[in-house]
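**Q** Okay, here's the structure, questions in a sec.
The values are calculated or read from the model by the stated rules, or taken from the named source; none is laboratory data. Note that this is a predicted model, so its numbers are computed, not measured. Counting neighbours? That spans all protein chains shown, and the Cβs are built from the backbone with ideal geometry, glycine included.
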């Protein structure tokens with residue numbers, strides 16, 4: 001899960017890293033009140049789970065309270081790459097002498113933690129990596145050994161940070177690594193890490209992604225779950241514990257297994273259609289899960305047809321078919337359904353479904369054929385609407 | 001022949017007394033796998049349908065000669081279960097459990113590499129491994145696989161693996177071993193480990209590989225195939241149309257920063273001479289063609 005900048009800063013502060021005093025605000029009046037408490041000048045910063053805030057006008061310097069009112073008014077409600085700003089972070093402004101970059105993430109190829117440090121901060125690190133890769137000092141940390149201070153010092157030297165920043169950077173990088181490991185983060189990134197005019201090394205921005213699989217040992221992460229960017233459909237699916245990703249097409253997709261669900265989305269695209277979602281109901285595919293999945297798809301106004309793609313493994317095709325029949329009894333479906341059922345006891349499963357087939361419930365022998373039928377039905381649905 | 005496991009593999013199930021462990025452990029036994037023990041520190045001395053339960057893997061190895069372990073422990077306990085298995089003396093560890101934190105995986109992966117270099121880990125978050133007719137460890141339905149050869153299968157996805165096994169069986173094509181390496185960011189066994197073993201296995205004449213978005217394991221596999229494989233390979237990569245930045249069900253299935261796309265993976269595989277199918281059925285048909293030409 002992704003943290004907003006201010007949540008990331010509070011996460012970092014919990015490990016001792018220096019951040020600027022600030023407050024989160026949901027309205028212009030709250031922003032003004034926060035700035036009055038903090039004292040101007042302040043920064044007004046959009047809180048969104050996407051990059052490019054500065055370019056989009058989502059980060060502004062406010063000299064006076066009137067500036068705060070103006071900027072907060074412009075930024076709240078701003079659309080940044082599809083993310084509408086619902087909250088701003090008001091923070092005491094810093095005097096920046098230099099900007100650096102620091103991060104830790106998992107290098108999946110090396111199977112070790114990768115630390116990146118650069119004197120070219122404040123810009124997108126991908127751009128630095130493309131244009132001037134030598135400006136990024138990298139270290140690979142074995143998770144068993146961890147990161148010691150001597151290694152960190154060598155790393156800071158390799159990155160070429162100036163003498164004035166060395167001690168502060170070594171401290172912060174040690175804390176950053178601790179936050180990354182102890183906090184079960186997929187990514188911790190400070191961009192920029194700054195040297196102030198008065199010689200302090202300071203965290204000016206925070207990007208933190210936490211591992212969803214680690215929440216069992218971090219009770220406090222429940223609050224972050226509530227601030228994830230999800231559309232209505234994703235929120236409904238998440239509440240039912242379904243693996244769902246919203247897409248913008250018209251064919252609703254239900255499949256068992258992540259790989260098969262991805263593959264189903266691909267095949268719908270390949271035959272000229274456009275999937276409305278990715279939905280993995282897992283291996284079991286019983287009536288409860290199927291009914292929940294159908295409800296989520298059914299509530300999506302852009303769905304014109306539904307493609308259920310099931311491969312029976314340990315869960316047999318006849319059990320799956322009974323689950324589908326039972327789910328259809330519980331949920332009144334608005335769009336025609338195409339089912340492809342294969343694998344263990346698929347013939348028995350198909351016989352069970354045969355008795356229920358109609359114009360709104362069809363069956364196809366293969367994945368490709370089912371995809372073509374579902375796409376044709378979706379197109380017909382669009383046509384009827386137009 | 002087969003790779004990694006065969007009829008001589010003796011398996012201890014960590015978590016045999018739990019509902020999942022019991023269900024799949026006994027199914028594996030019914031298939032013919034040598035299910036020799038289970039573990040549970042609170043139930044040592046009891047049994048699960050005749051399978052003796054020990055306090056830990058070390059005790060089970062000593063009493064039964066277990067050579068492999070299969071983990072059905074809930075995610076919070078998987079890290080310690082893996083270490084227990086390695087310390088207990090098994091040489092092959094299969095972790096089925098989904099939802100293990102990535103930091104735990106990175107830690108036990110490197111710990112095994114350093115302190116237990118002879119131990120092979122498979123998973124976590126994988127369906128397991130089946131050498132049809134000889135040994136089935138994990139959650140694959142044994143009857144969808146035809147024993148024999150000449151095809152070896154390695155896959156990051158469970159259901160797509162079943163699909164592949166089933167389609168090959170329908171065409172009368174058997175499988176030496178089918179390895180599900182799992183969908184997590186730090187898999188214990190990689191595509192390359194499996195490709196290397198299939199290349200060395202005389203009964204495996206061709207390999208089918210099923211990848212998905214995220215990471216660069218498929219690209220690394222493509223380089224290995226180009227430089228080291230003499231046997232033909234067919235492949236499929238799921239997630240061609242997955243949106244960037246979204247986890248598609250598996251923790252490791254994510255396109256981030258423009259990296260890990262299915263297109264780049266398929267291109268790398270094609271350049272290495274792999275026959276790439278645009279969907280699972282097409283990849284299966286390509287394998288049928290490959291087998292016909294063997």
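**Q** From the residues in the stretch B:149-189 that are more than 11 Å from every other protein chain (Cβ to nearest Cβ) and surrounded by fewer than 24 Cβ atoms within 10 Å (Cβ to Cβ), which one is modelled with the lowest pLDDT?
**A** B:149
**Q** Of B:229, B:209, B:287, which residue is more than 9 Å from chain A (Cβ to nearest Cβ) and closer than 29 Å to residue A:244 by Cβ?
**A** Values: B:229 fails: closer than 29 Å to residue A:244 by Cβ; B:287 fails: closer than 29 Å to residue A:244 by Cβ.
None of the other options fit; the residue is B:209.
**Q** Considering only residues that are more than 17 Å from residue A:6 (Cβ to Cβ) and either touching a helix residue (DSSP H, G or I) at 6+ places or on another chain (Cβ under 7 Å) or at pLDDT 95 or above (or both), which ones fall in the stretch A:26-56? Quick ask: steps written out before the conclusion?
**A** Let us first name the residues in the stretch A:26-56 that are more than 17 Å from residue A:6 (Cβ to Cβ), namely A:28-29, A:32, A:36, A:39-41, A:52, A:55-56.
A:28, A:29, A:32, A:36, A:39, A:40, A:41, listed by residue number.
**Q** Among the residues of the stretch A:106-120, what is the count of those that are more than 12 Å from every other protein chain (Cβ to nearest Cβ), outside any strand (DSSP E or B) and touching a residue at least 24 places away in the same chain (Cβ under 8 Å)?
**A** Restricting attention to the stretch A:106-120, the residues satisfying the condition of being more than 12 Å from every other protein chain (Cβ to nearest Cβ) are A:115-120.
From what's left, outside any strand (DSSP E or B): A:119-120.
Applying the additional criterion that residues be touching a residue at least 24 places away in the same chain (Cβ under 8 Å) yields A:119.
Here the count works out to 1.
**Q** Determine which single condition residue A:127 fails, assuming it passes every other condition in (1) within 14 Å of chain B (Cβ to nearest Cβ); (2) in contact with a strand residue (DSSP E or B) (Cβ under 6 Å, 6 or more places away or on another chain); (3) outside any loop (DSSP other than H, G, I, E, B).
**A** Among (1) within 14 Å of chain B (Cβ to nearest Cβ); (2) in contact with a strand residue (DSSP E or B) (Cβ under 6 Å, 6 or more places away or on another chain); (3) outside any loop (DSSP other than H, G, I, E, B), residue A:127 violates only (2).
**Q** Of these, A:195, A:247, A:187, which one is more than 16 Å from residue A:8 (Cβ to Cβ) and at the interface with chain B (Cβ under 10 Å from one of its Cβ atoms)? Spell out how you get there, then give the answer.
**A** On the way: A:195 fails: at the interface with chain B (Cβ under 10 Å from one of its Cβ atoms); A:187 fails: more than 16 Å from residue A:8 (Cβ to Cβ).
Residue meeting the stated conditions: A:247.
**Q** Please tell me if residue B:259 is surrounded by fewer than 22 Cβ atoms within 10 Å (Cβ to Cβ), more than 27 Å from residue B:199 (Cβ to Cβ) and in contact (Cβ under 8 Å) with a residue 40 or more places away in the chain.
**A** Values: surrounded by fewer than 22 Cβ atoms within 10 Å (Cβ to Cβ): yes; more than 27 Å from residue B:199 (Cβ to Cβ): yes; in contact (Cβ under 8 Å) with a residue 40 or more places away in the chain: yes.
Considered against the rule, which asks whether it is surrounded by fewer than 22 Cβ atoms within 10 Å (Cβ to Cβ), more than 27 Å from residue B:199 (Cβ to Cβ) and in contact (Cβ under 8 Å) with a residue 40 or more places away in the chain, residue B:259 comes out as yes.
**Q** If we only count strands (runs of 3 or more DSSP E) wholly inside the stretch A:11-83, which ones have 1 or more residues that are in contact (Cβ under 8 Å) with a residue 24 or more places away in the chain and under 22 Å from residue A:124 (Cβ atoms)? Lay out the reasoning, then the answer.
**A** Numbers: elements: A:22-25, A:42-46, A:59-62.
So the answer is A:42-46, A:59-62.
**Q** Filter the stretch A:220-241 down to the residues that are surrounded by fewer than 16 Cβ atoms within 10 Å (Cβ to Cβ), in a helix (DSSP H, G or I) and out of contact with any strand residue (DSSP E or B) (no Cβ under 8 Å at 6 or more places or on another chain) and list them by number.
**A** A:220, A:222, A:223, A:225, A:232, A:235, A:239 - these are the residues of the stretch A:220-241 that are surrounded by fewer than 16 Cβ atoms within 10 Å (Cβ to Cβ), in a helix (DSSP H, G or I) and out of contact with any strand residue (DSSP E or B) (no Cβ under 8 Å at 6 or more places or on another chain).
**Q** Please determine whether any residue of the stretch A:161-175 is touching a strand residue (DSSP E or B) at 6+ places or on another chain (Cβ under 8 Å), surrounded by 13 or more Cβ atoms within 10 Å (Cβ to Cβ), more than 18 Å from residue A:96 (Cα to Cα) and not assigned by TED's automatic domain parsing to the domain that holds residue A:42.
**A** Within the stretch A:161-175 (the criterion being touching a strand residue (DSSP E or B) at 6+ places or on another chain (Cβ under 8 Å), surrounded by 13 or more Cβ atoms within 10 Å (Cβ to Cβ), more than 18 Å from residue A:96 (Cα to Cα) and not assigned by TED's automatic domain parsing to the domain that holds residue A:42), the answer is yes, since at least one residue qualifies.
**Q** Wholly within the stretch A:261-351, which strands (runs of 3 or more DSSP E) include no fewer than the required count, namely at least 3 residues that are in contact (Cβ under 8 Å) with a residue 40 or more places away in the chain and farther than 20 Å from residue A:381 by Cα? Give the steps one after another, and end with the answer.
**A** Numbers: elements: A:277-280, A:305-312, A:337-343.
So the answer is A:305-312.
**Q** Tell me, yes or no, whether the stretch B:116-133 has at least one residue that is under 26 Å from residue B:205 (Cα atoms), without any contact (Cβ under 8 Å) to a residue 24 or more places away in the chain and not assigned by TED's automatic domain parsing to the domain that holds residue B:59.
**A** no
**Q** Identify all residues within the stretch A:267-278 that are facing chain B (nearest Cβ under 9 Å) and under 21 Å from the mean Cα position of the chain (by Cα); write none if there are none.
**A** Scanning the stretch A:267-278 gives A:275, A:278.
**Q** Anything in the stretch B:117-147 that is within 12 Å of chain A (Cβ to nearest Cβ), in contact with a helix residue (DSSP H, G or I) (Cβ under 8 Å, 6 or more places away or on another chain) and part of a loop (DSSP other than H, G, I, E, B)? List them, or say none. Talk me through it step by step, then tell me what you get.
**A** Taking the stretch B:117-147 as the starting set, the residues that turn out to be within 12 Å of chain A (Cβ to nearest Cβ) are B:121, B:124-128, B:130, B:136, B:138-145.
Subset that is in contact with a helix residue (DSSP H, G or I) (Cβ under 8 Å, 6 or more places away or on another chain): B:121, B:124, B:126-127, B:130, B:136, B:138-142, B:144-145.
Correct list: B:124, B:126, B:127, B:139, B:140, B:141, B:145.
**Q** Scan the stretch B:167-178 and report the pairs whose first residue is touching a residue at least 40 places away in the same chain (Cβ under 8 Å) and whose second residue is surrounded by fewer than 22 Cβ atoms within 10 Å (Cβ to Cβ) and in a strand (DSSP E or B), with Cβ atoms within less than 8 Å and a gap of 6+ or a chain change.
**A** B:168/B:174; B:173/B:150; B:174/B:150; B:176/B:150
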